[in-house]
Structures are given as structure tokens and as C-alpha cells.
Amino acid sequence: MSMFENWLMPQQSDDEPDFVPLFSLEDDDEAKQGEVFPDTLPVLPLKNTVLYPGIVTPITVGRDKSIRAVQRAYEDNRYIGVLSQKDIKIESPSTRDLYRVGTIARILKLLKMPDGSTTAILQGRKRFHLDEMLSEDPYMIGQISTIEYEQPKNKLEFRALLSSVRDAAKQIIELSPQIPSEAVVMLKNINNDNFLLNFIASNLGIKVNEKQDILEINNLKDKASTILHHMDAELQLLELKDQIEAKVRTDIEKQQRDYFLSQQLKTIQEELGQNPQEEEINDLIRKATKKKWPKNVQETFAREINKLRRVNPQVAEYAIGLNYLETLLDLPWLDFTKDNFDLRRVKEVLDKDHYGLKKVKERILEHLAVLKLKGDMKAPILCLVGPPGVGKTSLGNSIARALKRKYVRMSLGGLHDEAEIRGHRKTYIGAMPGRIVQSLKKAKAGNPVFILDEIDKVGKDFRGDPSSALLEVLDPEQNTTFYDNYLELEYDLSKVLFIATANSLSTIQPALLDRMEIIEIAGYSLEEKVQIAKRHLIPEQRKEHGLKPTQVKISDRTLVKIVQSYTAESGVRNLNREIGSVMRYVAKRVAMEESYEVAVKPEHLHGILGPTKFDAEVYQEQQAPGVAIGLAWTAVGGEILFIEVSLNKGNGRLQLTGNLGDVMKESASTALSYIKAHAERLGIDPEAFEKNDVHVHIPEGAIPKDGPSAGVTMLTAITSAFTRKPLKPYLAMTGEITLRGKVLPVGGIKEKILAAKRAGIREVILCKDNQKHVEEIEHEYIKGLNFHYVAKMEEVLELAIGLKSAGKPGGNGMVKTKKKKAGAL
């Protein structure tokens, strides 16, 4: 509240007061000369304000104790002690709830109001200190001592301070429209310095405790300085408020001016025969006459264009309607590109852009073949699943180029809002179609190759589930009538060739997964990576670095060294980066005109790329008893995994470390149970289980690991530890086990086999049911690997450790998962 605003507000004692104005009484700010006050006085608690000497204020008294105190004082000498409450919420204050410094007031008049309440008109006379509260019942009586002001020593400085107070008060009155201008005249007529300070302090819009602090100041100079400080703060607030109000007034005036000018412009244009709105609408109609679209869309356009004619161009609805009509015109309702039916040419383009990926290429050629024969066919919904860097996304661009179709890519990674797919209703300001419709609008063709990238990373929150919205998009039976909220019309997506990409199927909604044709793209073998580098990566990197073919040559041996020693991935992204490093090395030599060898040899790589990052020899050396090598699957491809087992003196406890998941822990328990049950057949003393603790550890403890396919490796490692017989070198295995000793098949076989080949493994033990998966891999990519297909654990132990027992080989794979990319098999 600004200064003097509360001079129109009521003051409060212990009850809510009636509306009575605050006013002053001449300059009578202190007791008259010779006025004597008694040592004991009735005490009246006051809420929400502080009474200063010289100030007259009406107080509505409602509490019984206060009424008795006021009446007794009025009957005796009319003097009463007024103390402010510390906490206004207390309804029945005691001595500790009141400040100790207050004002002696004279009761000028006591009135009985029509509603039965009592109003006392009080005039502040002099400050006092409450020495002791003598009684609190039937009303408060206190022993008091009066307080005198300390006069300022430097009179000139005090006069200057008072002048600043008057000037600040005048500015506040001028900036406050609710304060009458007569207040300035009233301030000029106050000649008493003490009364001026008390009058201003009582009308400051500050808290009660701050007003009380001013009342308790004995030095007049300090009192004036404190009041001026509060006034300056209030003045700054009023000035800022005035600036804001002035800006708002200016904005309103500008809007009125703009409206007035626009109306004038409209009138002038009408006089000249010009009408921009009509020209805009006529332009839309001209475009519509040339547009090929369904009849229902044409009817909607005609209805909306008539509605737009009746809308004032100045209102927001006009812009919304105009944007909607332009969107309808820009969409390729019946505009399609002509497919390239030269299947041999399509195959050449696909083979040129991407090495391998035979399944995907065959599926595209089959679709084109049917289109060529039948003339019309709903486009398939393909989902390419594989580790990063194998060319899933770039394949879409290659397919579009081969088919001579438009190419559209939409990244779904981190998408949370359903409206991104279906759009917003056009009634909202700033509404837009969904990204499906926007992409088609940008492509300007109704049959593009549409890449839905990272479909396995679609989010879900309170704004909706985008994957559920995609159900309609990716269902060939439904997407002929795809409904976008912005268009409010059905759009045919059946001619669009949707190709989704994903790293893992585990996070895709089952209903969505069911609508797509899954094509798995496994990682590349060493030979494939070398061919991809020769055909694509080296020419591209050479071009990007401004080098000529004669300036750098990388042999096959060098590429093999880079792949084996500097990368460990299923795709070729890291390989591309390493080749880029080689090109930068050569580019620097060429630019600085330094001598260098054009042919980059394997022995040069240490100086260019640094020390080798991966060493396959660790998997090829003879391991100690209790150590086995397993094959793992991750979302980024296959990997090699050690399983280590050690025996310690104990009581047969099984300890598992290495950040293992529940399924992998169960595999370890199953393996130990099987070994205990067949201890004698395996040549193990049964008492050894009671005397030793078994500790199973899988290195890289920071990476979570889970899945059942580690079972066969764990059982072999534990058996090796108990029999003290090491496993054969160059041997890896994967497979799930049962308590009966059977070996069950697992997934991710191609990724695991390629990982074994990269690591220099020579022999792999698999379940016999996984043989069909191995046969799908190109023979040249697994050349040098010897596979053992088994059905029982006895066969595994015979192959791995040399334990003679009846049975045939069998196995299952283990799964190693990385953080937030878990892939249990």
C-alpha cells in the first residue's frame, strides 16, 4: 500500500473496525507544556497499526476487556495506554504478546454505534515504556514511564533531512492517483517537525513491526533517516509502476492507431477497386481448379473458402482458415511419382550403394515385380532391425533413388507427443498437421519412401503414446483412411513405402511389431567390412578430404589391420572414422608439402592411429582351469565374454559377481546343481562341494549382463575349476542348459559367430538346433571356424575339457547387455 493510501483506511484494535478515516489534529504532536500523565494506566491492545503522538484515529472496540478498559479510562482522566500486538492472529493477547513501547492516548469521544459496538476516538499524546503489567483482569493495567526525544545536535543537517522527507512525500502523492491533491496542501501546513515525521510514519505502507521500530527510535535525526529510507523504496516502486502503466497505455494507443489506419487503408483500397483479401481467396480458387484431389476434399475446400469470405481479415480465425486451405492445396492427394520397373537397374543401384544386405534387396525387388505385373499393390511395411552402423537408414535413401521415388526421413527417437503423429486440431492458435502429413507435403508426392528412424526409441508420457498412433499409420488395412486431427479428413497412405529401423525389437509395442515385416540385418564380417571400405568408405573419405586417388592408397592388409586392431563393432561407423583419421594424416602431409609414403601399410598405423585398441590374442592363449570363453549378444552386435571360476575354502556357498541379472544367476545355480548331481561321473569328490565356496565372476562389472545363454559356459568353467583341467585354447561356446543336462538353442547366432571370428576363435560349441542359423551365414565369412553341435552337457565337457562321458555335443548362448540396451535371449 502506498503512502497516504491508508489514510482512507480504518485502524484496528482487537476487533475489525468500521470504516472511519484517519486524520491529524493541527500540530499538536506531543503533550502540552505541563501536561501530567498518571504512572498507571489502563492498556488497550491495537491490531494492524501503531498509534503515534499527535495522530487522531477512531478505534472500534469489540472485546469485553478492551471495552471495560476504555470505559474506565473515559470515566477517570480519559488517558489510556495503547500498545501494538506482535501477532495480529492472537485474539486474547497477554503481556508477552504486546510491544513494550507505546503511546499514551487521550479519549476524545466515546460513541455507541447503531450495531451495538463501541467506537473510541483517540489522540496520541506521548510515548511511554511499559515497566510492569499490574493486572490483566478485568482489564489490563500497566505501570508506565514516559519517553522523551533526543534533539539533533546538527540543526542544519536535520532541516535538510526534513526537506528531503517533504519532497519525497510530494512525489509520492503526485505518482499516486488515488491520493487527493489536497494532501500536498496539508503537508505544507504542517509546521511541527515531530508531528510531520509522526504523520508520515503513520501513513507509510510498511509492516507493523517496521512502524513499531520507528516509534521506538529516540533520536529525531535517526527517525527522519529511517522514514526517508522507507519513502525512497516506496517511491521507486511507484515510479516502476508508473513506467509499466505508461507502456501499457502506449501499446493500447498503438493498437487503436493501427486499427484506425487499417480501416482507412481498407476504405482507400475499396475506393481504388482493390481488395487484397478477395485477391488472396481468388488465388486459392485458381490453384484449386488445377488440383487433383478426391471429391470430399474438394467439397471441404469449397465450404471453407466460403466461410473465409465472411471472416474479417483482422481476426485470428482468418489466418487459421487461410493456413488450413493452403495446407489442403499443398498436399499431394493424388500426385504420385512413376516407379522405375527396370528391375535390373534397381538391383544395380542397390548393389552399388550397399554391399551385402541381400534379404532387404530381394524384398524390394519382389515388391516391384508384383507392382509391375499387377499394376497396383499396397506397399509393404518393412522394419529393418540390426546393430548401429550397418546401413539401415542410408538404405532407405538408396531404395528411393533406385525406385525413382521421393525420399522422406522422420526420426522417432525421443518422440513423446501423440500430436506429433496425428497433428493438433486447427481450432488452436499455431496448430499444425502431424509430421506424417507435413513430410508428405514437403515431398510433394503421395508415394515416397518414408523412413521411420529409431522406431524402438519412441517415448510415452502424459501427452499420449505415439506408438499407439503409429498403429494406424503402419497397418495396410487402416492407413488408406489415416485421420489427421488438423486436416479433419482421411488421407490415403497405402501407396507410401514405409521402412522402419530399430536396434532392438524388445522395446517395440507388440501390436506395432505385429504390423511390420521384420528383416534382421546382422553385423558385417571382416571380409564384408573390407569390401565396404574399398567400395564406399575410402572413396567418400578421400573426396571429403580433397585428396586424389594417386595421393593415398590403402591396401587390403591395412584395412584388415584397422578392422581387427582399431574397431570392435558390428557396423562400419568406427571403421569410417579411423579411415578418416588416415585421410587427415595424409592431407596434412600433402598440404605442408612433406614427403610421405602414398601406400599406407599396416606398420604405419601405429604412428597414424596410435596403439592398437583391441587385441585378439587374449582370447587365443591357454587359459587357467576355471576360465571359459562365452559368446554374448548386445544391441550393438556380438561380443566375447570371459567367465572365471575360483574355489575357496568354505562351506559350499555360491558367490556371483560382475553385475549379473537374475536369469544369469539362475543359470549359475542350475550349472552347480547339475555338477553336484553328476559329481562322480565327472570325477569330482562330492565332499569338495561342502569344503569349498564357488565364486563365479564375469569381468567388466560396470556393464549389466543377463540372459540364459551363459549356462553352458558357466557349467564348463565350474567343472574345469573342480577338476583342475583347463579348457582347450581357441574355443568359445554359447547355449542354455537344463537340470537334466540338455543344451537348448539361443538367438543372436550370426552376431556371436562374427564376434568369435573377429577374436580369432577357431572352435565354437553350439546347440544342434542352432545349426540352421549357422548355415544362413555366407561360408566365406566363417571360413576357418570349426563348429561342434551338441545336445547334452556331457558332450560339451568332453569337447572342452576332455572328460570322457557318453553323449553328443550341445549348447546355448549367453547375453551381455549394456546399460539401457539390455538384450536378453
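The values are calculated or read from the model by the stated rules, or taken from the named source; none is laboratory data. No experiment lies behind these values; they were computed from the predicted model shown. Positions of Cβ are generated from backbone atoms using ideal geometry, with glycine treated the same way; all protein chains shown enter the neighbour counts. These area figures cover heavy atoms from the full protein model, side chains too; ligands, DNA and RNA do not enter into them. Shrake-Rupley method; radii C 1.70, N 1.55, O 1.52, S 1.80 Å.
How would you order 53-63, 687-697 from highest to lowest mean count of nearby Cβ atoms within 10 Å?
In descending order of packing, they fall as 53-63, 687-697.
How big is the accessible area of LEU672 in square angstrom, nearest 10, if you roll a 1.4 angstrom probe over the protein chains?
Here the residue's solvent-accessible area equals roughly 10 Å².
Measuring from label point to label point, each 7 Å out along Cα→Cβ, what is the THR738 to GLU157 span in nm?
My value for the distance between the label points is 10.2 nm.
Tell me, what is the FRET efficiency for SER145 and ALA246 to the nearest 0.05, using R0 = 60 angstrom and their Cβ-Cβ distance as r? The partial results should precede the final answer.
Numbers: r = 52 Å, r/R0 = 0.87.
The pair SER145/ALA246 has a calculated efficiency of 0.70.
Points 7 angstrom from Cα along the Cβ direction at ASP97 and LYS292: gap in nanometres?
8.8 nm
To the nearest 20 Debye, how big is the dipole of the stretch 393-521 about its Cα centre, given +1 on the beta carbon of each Lys and Arg and -1 on that of each Asp and Glu?
For the stretch 393-521, the charge dipole is close to 800 debye.
Over 22 Å between C-alpha atoms is what I'm after, so list which of LYS153/LYS211; LYS352/LYS529; LYS361/LYS529 land there. Don't skip to the end; give the middle numbers.
On the way: LYS153/LYS211 25 Å; LYS352/LYS529 15 Å; LYS361/LYS529 18 Å.
With Cα atoms farther than 22 Å apart: LYS153/LYS211.
Per-residue counts of other Cβ atoms within 10 Å, averaged by peptide: what ranking do you get for 743-749, 310-316, highest first?
So the order, starting with the most tightly packed, is 743-749, 310-316.
For the chain, with only Lys/Arg (+1) and Asp/Glu (-1) charged at the beta-carbon, what is the dipole magnitude about the Cα centre, in debye rounded to 20?
The calculated dipole for the chain is roughly 4580 debye.
Using the heavy atoms of the protein chains alone and a 1.4 angstrom probe, what is the accessible area of the stretch 329-387 per residue in square angstrom?
On the way: 3150 Å² over 59 residues.
Using a 1.4 Å probe on heavy atoms only, each residue of the stretch 329-387 averages 53 Å².
Could you give the nm distance between label points at LYS613 and GLU317, where each point is 7 Å from its Cα heading toward the beta carbon?
6.2 nm
Towards the positive end of the charge dipole of the chain, with charges on Cβ (+1 Lys, Arg; -1 Asp, Glu), say which of LEU412, SER398, SER595 has the farthest Cα.
SER595
Excluding residues fewer than 8 places away in the same chain, name every one of the lysines whose C-alpha is closer than 16 Å to that of LYS359.
Those lysines meeting the cut-off are LYS347, LYS392, LYS750.
Put +1 on the Cβ of each Lys and Arg and -1 on the Cβ of each Asp and Glu in the stretch 576-729; which of ILE703, GLN655, SER673 then has its Cα farthest toward the positive end of the dipole?
About the Cα centre, the residue reaching furthest to the positive side is SER673.
Test of understanding: what is the full-extension gain from GLU540 to GLU299, defined as 0.36 nm times their sequence separation minus their Cα-Cα distance?
Value of the extension gain: 81.6 nm.
Add +1 for every Lys or Arg and -1 for every Asp or Glu among the other residues with Cβ under 13 Å from the Cβ of ARG653, and state the total.
0
Using Cα-Cα distances under 8 Å and only pairs 6 or more residues apart, what relative contact order does the stretch 238-383 have, in percent?
Dividing the mean separation by the residue count of the stretch 238-383 yields 16 percent.
Please compute the length gained on full extension between LEU134 and LYS728, using 0.36 nm multiplied by the number of residues separating them and subtracting their Cα-Cα distance.
Net length gain for the segment: 203.5 nm.
In whole Hz and in residue order, list the ³J(HN,Hα) couplings for the stretch 482-492 that follow from phi through the Karplus curve 6.51 cos²θ - 1.76 cosθ + 1.60, θ = phi - 60°; x for Gly and Pro.
Computed from phi, the couplings for the stretch 482-492 are 5, 10, 9, 4, 6, 5, 6, 9, 7, 10, 8 Hz.
Please list 3J(HN,Hα) in residue order for the stretch 73-89, calculated via the Karplus relation 6.51 cos²θ - 1.76 cosθ + 1.60 where θ = phi - 60°; whole Hz, with x for glycine and proline.
5, 5, 6, 7, 10, 6, 9, 9, x, 10, 10, 7, 7, 6, 10, 6, 6
Mind grabbing the base-10 log of I(q)/I(0) for the stretch 300-390 at q = 0.18 Å⁻¹? Debye formula, identical points on the C-alpha positions, no solvent, two decimal places.
One equal scatterer on each Cα of the stretch 300-390 leads to -0.87.
To the nearest Å, what is the center-to-center distance of the stretch 288-359 and the stretch 516-536, using C-alpha atoms only?
So the separation of the two Cα centres works out to 36 Å.
Under the classification rounded if a/c is under 1.5, otherwise prolate if a/b is larger than b/c and oblate if not, where does the stretch 431-547 fall, given a ≥ b ≥ c as square roots of the Cα gyration tensor eigenvalues?
Prolate shape, in that a/c is at least 1.5 and a/b is the bigger ratio.
Any chance you could check the Cα centroid distance between the stretch 220-239 and the stretch 114-171 for me, in angstrom?
First find each Cα centre; the distance between them is then 19 Å.
Provide the solvent-accessible area of PHE336, counting protein heavy atoms only and rolling a 1.4 Å probe, rounded to the nearest 10 Å².
Surface accessible to solvent at PHE336 totals approximately 100 Å².
In whole percent, what relative contact order does the stretch 563-677 give with Cα contacts below 8 Å and a gap of six or more residues? Don't jump to the answer; show the numbers that get you there.
Values: 64 pairs, mean separation 25.3, N = 115.
Once normalised by length, the contact order is 22 percent.
Please report, in debye to the nearest 20, how large the charge dipole of the stretch 180-307 is about its Cα centre when each Lys and Arg carries +1 at its beta carbon and each Asp and Glu carries -1 there.
Details: 19 positive and 22 negative charges, 198 e Å.
The calculated dipole for the stretch 180-307 is roughly 960 debye.
Quick check: residue separation of ILE285 and LYS783 times 0.36 nm, minus the Cα distance between them. What number comes out in nm?
172.5 nm
Check which residues have an amide H placed less than 5 Å from ILE55's amide H, if you skip close sequence neighbours.
Amide H neighbours of ILE55: GLY124.
Rank these residues by their accessible area, most exposed first, probe 1.4 Å: ASP242, ASP213.
Descending order: ASP213, ASP242.
In the stretch 291-319, which residues have a backbone nitrogen under 17 Å from the label point lying 7 Å from ASP258's Cα in the Cα-to-Cβ direction?
Under 17 Å, as judged by backbone N against the label point of ASP258, lie 312-319 of the stretch 291-319.
Would you pull out the residues with amide H under 5 Å of TYR483's amide H, same chain only if 5 or more places away, H placed 1.01 Å from N?
Counting only residues 5 or more places away or on other chains, the set is TYR491.
When the Kirkwood hydrodynamic radius is evaluated over all pairs of different C-alpha atoms of the chain, what value in angstrom, to one decimal, is obtained?
Numbers: mean 1/r = 0.0274 Å⁻¹.
Roughly 36.5 Å, rounded to one decimal.
Report the calculated FRET efficiency for LYS460 and ASP222 (r = Cβ-Cβ distance, R0 = 56 Å), to the nearest 0.05. Working shown, then result.
Details: r = 65 Å, r/R0 = 1.17.
Given R0 = 56 Å and the Cβ-Cβ separation, E is 0.30.
Say R0 is 45 Å: what FRET efficiency, to the nearest 0.05, do LEU365 and ALA599 get from their beta-carbon distance?
My answer for the efficiency is 0.70.
Report P(r) for the stretch 499-570: all Cα-Cα distances, bin width 5 Å, range 0 to the bin holding the largest distance, values in whole percent.
Per 5 Å bin, starting at zero, the Cα-Cα P(r) for the stretch 499-570 comes out as 3, 12, 19, 15, 13, 11, 10, 9, 5, 3, 1 percent.
Determine the sum of side-chain charges near LEU328: Lys and Arg each +1, Asp and Glu each -1, restricted to other residues whose C-beta is under 12 angstrom from that of LEU328.
For residues surrounding LEU328, the net value is -1.
Mind listing the long-range amide H neighbours of SER411? Cut-off is under 5 Å, sequence gap 5 or more, other chains count too, H placed in the peptide plane at 1.01 Å from N.
ASP453
Take every Cα pair under 8 Å in the chain that's 6+ residues apart, average their separations, divide by the length, and report that relative contact order as a whole percent.
It rounds to 8 percent for the chain.
Arrange the peptides 151-158, 223-230 so that the one whose residues have, on average, the most other Cβ atoms within 10 Å appears first.
So the order, starting with the most tightly packed, is 223-230, 151-158.
For the stretch 737-803, give the percent of accessible area contributed by carbon and sulfur heavy atoms, probe 1.4 Å, rounded to a whole number.
47 percent
From the residues GLN771, ASN154, HIS424, which one has its Cα farthest along the dipole of the chain in the positive direction, the dipole being from +1 and -1 charges on Cβ of Lys/Arg and Asp/Glu about the Cα centre?
Of the options given, the answer is GLN771.
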